[in-house]
Amino acid sequence: MIRRYIFIFVTLIVFLAGCSHEPDKNTSKIQDSPDSSLSVEPEKNTSKVQTPAESDQSEPRSENQSPSDSNQNKPQATLTDEEIEEILMKPPGRFAGSNYDEQKVKAALDQLPNDLTADQYTEELLLLLAEDYRSYITTFKKYDTEVKVNNERPDGNITLPESRKLHISILLDASGSMKAQINGKSKMDSAKEAIQIFADKLPENAEVSLRVYGHKGTGSQKDKQVSCNSTEEIFHGQGNQTDQMKTALQSVKPAGWTPIANALKSVKQDIDPETTDSVVYVVSDGIETCGGNPVQIAKELNQSKVKTVVNIIGFNVDNEGQKLLRQVATSGGGEFTFVDNDESLKNVLNKAYIKLLGEWKTWQMKGEGEANTQVIQKQGDINTTEMDMQILANKEYYQLLPALQVLENKYGNAIPHGEIWMQITNRKNFAWNYARDTGRRLYDEVTKNGKQVYDDIKNEGDKNIEDLENKQNN
């Protein structure tokens with residue numbers, strides 16, 4: 001914004017420095033130059049912004065063609081944006097830009113008669129020297145002031161966006177070994193408590209499934225088949241239904257064998273086909289004991305249509321068991337974590353929440369940064385277009401003035417030089433002010449849109465981070 005003000009200030013100084021003493025429409029005369037070259041003395045310019053009379057910039061006309069545009073003498077205040085753009089979108093003169101040739105311009109001027117009107121002389125000057133504003137007008141007309149940040153939200157946000165559907169599966173080992181105690185508390189009780197704490201922190205509209213396995217039969221050989229076939233989904237609902245999940249957990253008792261593969265296989269039927277993200281947490285104190293292949297099943301889940309990440313939480317597992325369970329997690333694209341007491345089990349499940357908190361903070365910072373970057377880039381584009389168009393308007397003006405002087409040197413007061421001078425001065429002001437006003441409008445739109453996007457990202461991030469921190473603290 002400061003750069004914009006500096007630019008406007010400097011431009012005004014240049015404009016005012018080159019403009020003074022408005023000549024009288026009827027009596028002022030551009031000073032003759034001894035060699036009649038295309039030059040003009042600075043004091044014949046004006047610092048007063050006139051009401052512009054826009055002039056025609058069409059291709060060289062035929063004898064029957066109208067000499068001037070219908071908006072030629074229309075006050076600027078009465079012109080619509082469409083009329084302004086129509087005038088400035090007309091083709092450039094024959095000697096505009098890099099085609100400028102002083103001798104050829106002078107030769108063309110020498111062919112003009114001394115009985116044209118001011119509008120006709122202005123038109124002829126523009127057919128020779130009008131600059132090309134079309135690229136600037138096109139840029140302004142088509143400029144997209146919208147600020148868009150396509151920063152995908154974390155998968156497990158507190159309230160998932162409509163486009164994301166997260167499924168979380170918790171598989172609880174209910175084999176007989178979960179009766180064993182650690183520090184006076186059974187593994188099963190510790191696992192239940194950790195799952196309840198984890199459930200309190202789940203996204204409110206995430207789909208959640210709680211499944212137990214090995215909870216039937218006993219650890220005896222005669223009950224092995226019954227136990228290995230036992231896997232049951234005891235809760236299926238939304239992340240905000242934590243009370244129902246806790247109630248379902250109360251009835252689970254450790255019983256038989258450990259059918260991890262069977263439980264993983266059943267996860268497929270628990271997942272909604274429209275799910276976009278699926279995560280499994282297996283809480284177990286031992287390896288597969290029912291002859292299944294959990295490594296293969298975990299791999300199939302991870303490579304399925306609904307890609308599922310399988311994480312294994314090994315609860316007080318021996319070295320051999322850790323090795324085997326680690327293979328299951330690796331093949332499922334997840335992680336294996338070893339815990340040896342109830343506090344470490346709670347901490348492991350809580351890490352998932354801490355990770356989510358970090359993802360939201362990263363999302364917020366990235367989004368705010370992208371919004372700021374887009375705003376700065378767009379503001380720079382607009383400023384550059386505005387400044388370049390104004391420079392071009394000044395260039396055109398200081399080529400038209402010497403051309404008018406050539407006509408004065410040849411015809412003197414026979415031509416309406418004061419009116420011609422006013423028209424080309426008004427044209428300069430007209431183009432210059434259009435660039436300024438349009439640039440300012442687009443600049444302000446970008447600033448407003450960027451601020452809105454930035455604020456939306458900040459507010460959404462703050463809300464989710466606050467919710468996560470509150471749940472973490474509780």
Margin query: Just to be sure before I move on: is residue 467 at pLDDT 90 or above and among the acidic types (Asp, Glu) in the structure I sent?
Written below: no
Note to self: Suppose the filter is in contact with a Ser or Thr (Cβ under 7 Å, 6 or more places away or on another chain), at pLDDT below 90 and either open to solvent by 20 Å² or more (accessible area, probe 1.4 Å) or assigned to a helix (DSSP H, G or I) (or both); does residue 426 pass it?
What the structure shows: yes
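In region 208-258, which residues are acidic (Asp, Glu) and more than 18 Å from residue 178 (Cβ to Cβ)? Working first, answer last.
In the first step, residues of region 208-258 are kept if they are acidic (Asp, Glu); the result is 223, 232-233, 243.
Within region 208-258, 233, 243 meet the criteria.
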Next item on the list: Given the conditions (1) among the hydrophobic types (A, V, I, L, M, F, W, C); (2) in contact with a His (Cβ under 9 Å, 6 or more places away or on another chain); (3) at pLDDT 85 or above, report the number of the one that residue 325 does not fulfil.
Entry: (2)
Check: Looking at residue 269, is it over 40 Å from the mean Cα position of the chain (by Cα) and farther than 25 Å from residue 187 by Cβ?
Finding: no
Next item on the list: Could you look through region 197-213, keep only residues that are out of contact with any Pro (no Cβ under 6 Å at 6 or more places or on another chain) and at pLDDT 80 or above, and pick out the one that is most open to solvent (accessible area, probe 1.4 Å)?
Entry: 207
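Hey, among 361, 410, which residue is of a type outside the set (Phe, Trp, Tyr), touching a helix residue (DSSP H, G or I) at 6+ places or on another chain (Cβ under 9 Å), open to solvent by 20 Å² or more (accessible area, probe 1.4 Å) and under 30 Å from residue 313 (Cα atoms)?
Selected residue: 361, the only one of 361, 410 that is of a type outside the set (Phe, Trp, Tyr), touching a helix residue (DSSP H, G or I) at 6+ places or on another chain (Cβ under 9 Å), open to solvent by 20 Å² or more (accessible area, probe 1.4 Å) and under 30 Å from residue 313 (Cα atoms).
What do you reckon, is residue 405 open to solvent by 10 Å² or more (accessible area, probe 1.4 Å) and either within 30 Å of residue 150 (Cα to Cα) or touching a Ser or Thr at 6+ places or on another chain (Cβ under 8 Å) (or both)?
It is false that residue 405 is open to solvent by 10 Å² or more (accessible area, probe 1.4 Å) and either within 30 Å of residue 150 (Cα to Cα) or touching a Ser or Thr at 6+ places or on another chain (Cβ under 8 Å) (or both).
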Notebook entry, point to check: With 317, 283 as the choices, which residue is in contact with a strand residue (DSSP E or B) (Cβ under 7 Å, 6 or more places away or on another chain), in contact (Cβ under 8 Å) with a residue 40 or more places away in the chain and either more than 19 Å from residue 254 (Cβ to Cβ) or open to solvent by less than 20 Å² (accessible area, probe 1.4 Å) (or both)?
Noted result: 283
Note to self: Among (1) touching a residue at least 60 places away in the same chain (Cβ under 8 Å); (2) among the hydrophobic types (A, V, I, L, M, F, W, C); (3) under 22 Å from residue 308 (Cβ atoms), there is one condition residue 234 misses while meeting the rest; what is its number?
What the structure shows: (1)
Next item on the list: Among what's in region 225-252 and is in a loop (DSSP other than H, G, I, E, B) and within 47 Å of the chain's Cα centre (by Cα), pick the residue that is nearest to residue 208 (Cα to Cα).
Entry: 239
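The values are calculated or read from the model by the stated rules, or taken from the named source; none is laboratory data. Owing to the predicted nature of the structure, the values given are computational and were not obtained by experimental measurement. Cβ atoms come from the backbone with ideal geometry, glycine included; neighbour counts cover every protein chain shown. Protein only, heavy atoms only, side chains kept; ligands, DNA and RNA dropped before computing areas. Shrake-Rupley method; radii C 1.70, N 1.55, O 1.52, S 1.80 Å.
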